[in-house]
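The values are calculated or read from the model by the stated rules, or taken from the named source; none is laboratory data. Since the structure is predicted, the reported quantities are computational estimates derived from the model, not experimental observations. Note that we place each Cβ from the backbone using ideal geometry, even for glycine, and neighbour counts take in every protein chain shown. Side chains are part of the model used for accessible areas, which takes the heavy atoms of the whole protein and leaves out ligands, DNA and RNA. Shrake-Rupley method; radii C 1.70, N 1.55, O 1.52, S 1.80 Å.
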Amino acid sequence: MEGDGGDAATVVAPLAKWRNDFSRAFQYYLDRSTPHPTERWLGTLAVAAIYVLRAYFVQGYYIVSYGLGIYILNLLIGFLSPKVDPEVEVSDGASLPTKGSDEFKPFIRRLPEFKFWYAITKAFCVAFLMTFFSVFDVPVFWPILLCYWIVLFVLTMKRQIMHMIKYKYVPFSIGKQRYDRKKPGASSSGLMRD
């Protein structure tokens with residue numbers, strides 16, 4: 001009877017080792033992709049295109065696509081929202097400035113870009129895998145789902161934009177001033193003339 005427990009342990013040990021090795025390798029490549037946002041998003045775009053082509057060619061799985069759209073909308077709201085919502089919480093200093101005299105505080109996202117990218121990529125992969133199981137192919141009238149999603153998107157974005165205007169924050173860093181290093185040996189204003 002003692003041999004039965006030993007056999008189960010010898011079967012589980014290689015599976016646990018393989019799972020641990022796979023997890024470490026996956027985390028290694030995930031960490032290596034962190035400083036390359038353009039390449040990561042291009043990869044996600046490719047995964048999304050594969051999913052869209054699969055859904056188009058099988059002419060179904062509208063519920064899966066609708067659920068994917070709602071999930072992405074939820075992630076987008078987290079990505080565009082500040083970590084500390086000035087409407088809900090009064091914090092000890094990590095809040096957004098609300099008046100012109102307030103000290104500048106950087107915008108900190110509730111959902112960082114890397115986690116946003118990772119969640120969207122996983123969502124497209126899971127949705128793609130779901131298209132191979134007929135249990136998820138529920139017959140629905142897809143134009144209703146599309147119209148409902150568009151209305152939900154417009155209302156949600158309107159609320160988010162109004163929140164941005166009210167609390168004066170922009171969740172993007174496009175167009176912000178950058179400072180370049182001065183060239184060595186160049187005078188700053190030409191005041192030192194001989």
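Data overview
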| quantity | calculated |
| --- | --- |
| Potential extension, residue 167-residue 109 segment - 0.36 nm per residue separation minus Cα distance | 19.5 nm |
| 36, 163, reordered so the largest accessible area comes first (probe 1.4 Å) | 36, 163 |
| Label-to-label distance, nm, for residues given as residue 34 and residue 125 (7 Å Cα→Cβ offset) | 1.8 nm |
| Probe 1.4 Å - accessible area at residue 88, Å² to nearest ten | 110 Å² |
| Förster radius 41 Å - calculated FRET efficiency between residue 144 and residue 17 (Cβ-Cβ, nearest 0.05) | 0.25 |
| Backbone N within the stretch 145-163 under 14 Å of label point (7 Å from residue 87 Cα along the Cβ vector) | 155-163 |
| FRET efficiency for residue 135 and residue 74, using Cβ-Cβ distance with R0 set to 30 Å, rounded to 0.05 | 0.80 |
| Stretchable slack from residue 59 to residue 151, in nm (0.36 nm times residue separation minus alpha-carbon distance) | 30.8 nm |
